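Quick note: the coordinates plus some simple rules give every number you see, no bench work behind them. If you're wondering where the values come from, they're calculated on a predicted model, not measured in any experiment. As a convention, Cβ positions derive from the backbone with ideal geometry for all residues, glycine included, and neighbour counts pool all protein chains shown.
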Amino acid sequence: MSPPLLEVSGLKAGYGGTPVLFGVDLSVPQGGVLALLGRNGMGKTTTVRTIMGLLRPEAGTVRLGGADMTGAPAHRVAQAGIGLVPEGRQIFPTLTVEENLVATSAPPRTDLPPWTLERVYGLFPRLAERRRHFGNRLSGGEQQMLAIGRALMTNPRLVILDEATEGLAPLVRADIWQAVRRLRSEGLSLLIIDKHVDILATLADRIAVVEKGRVVFSGTPADLATDPQVRAQYLSV
């Protein structure tokens, strides 16, 4: 078995002296998918922010492809190959679709097929139709597609999707999930935070559940399916 692409060990972090993470351990398989689950406010986004260098950890390590990225600034983390699709999309509203995509483009990596404008437009044909439209003129679903495309244009080794289907209409959610399945089939490593457990169970190789800053479950989708207590205690609203 090949070593994980992303490995997080003993991660502790917080805000203004208030601890939020208490030793988080998780890993994303090379070419695989990890679903990070948990109710709101349990530490999922804080975990992502710490991995991305947006929040400095108090303890623990973050390794990408074996390289130590612990506490590295966000631009270095991005250069190393992690693309983030943040909660809330955060696209550039006064740039066109194409300008948003070009703004984040980075050279391709030799071990992965390159992401280009044409390839992003192939994944999301709606963006091709709207390529000259400004970001603030897009629907919520189109903005989410653009946020994913923007992350792909960094030519990442790993993409983190933080609530990528939140607030979207069912048909648009289906389009996003179809795109995610295609990315998975092409061998891109993914870390996905989302509330749709049943869909994630069909996508993920591994699932981690976070509760109050600690990983309380780690296993396969089959393991989670045979442990209804975890779903009832940590995932039900």
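Using θ = phi - 60° in the Karplus curve 6.51 cos²θ - 1.76 cosθ + 1.60, the 3J(HN,Hα) couplings for segment 64-78 round to 10, x, x, 8, 6, 10, 4, x, 5, x, 4, 5, 5, 4, 5 Hz; x is entered for Gly and Pro. Which of Gly14, Gly83, Gly41 moves the most in a Gaussian network model of the chain with Cα springs under 10 Å? Looking only at Gly14, Gly83, Gly41, the biggest GNM fluctuation is shown by Gly41. For segment 187-200, putting each phi into the Karplus relation 6.51 cos²θ - 1.76 cosθ + 1.60 with θ = phi - 60° gives couplings of x, 7, 6, 9, 10, 10, 9, 6, 8, 8, 4, 5, 5, 4 Hz, in residue order, rounded to whole numbers and with x for Gly and Pro. Around the amide H of Val215, modelled in the peptide plane, lie the amide H atoms of Asp25, all under 5 Å away and 5 or more residues distant in sequence or on another chain. The string of couplings for segment 139-153 from the Karplus curve (6.51, -1.76, 1.60, θ = phi - 60°) is 6, x, x, 5, 5, 5, 4, 5, 4, 5, x, 4, 5, 5, 5 Hz, one whole number per residue in order, with x for Gly and Pro. Highest mean first, the peptides 135-145, 217-227 sorted by other C-beta atoms within 10 Å per residue fall in the order 135-145, 217-227. Helix 170-185: angle to the longest alpha-carbon principal axis of the chain, degrees 0 to 90, nearest 10? Tilt of helix 170-185: around 80 degrees.
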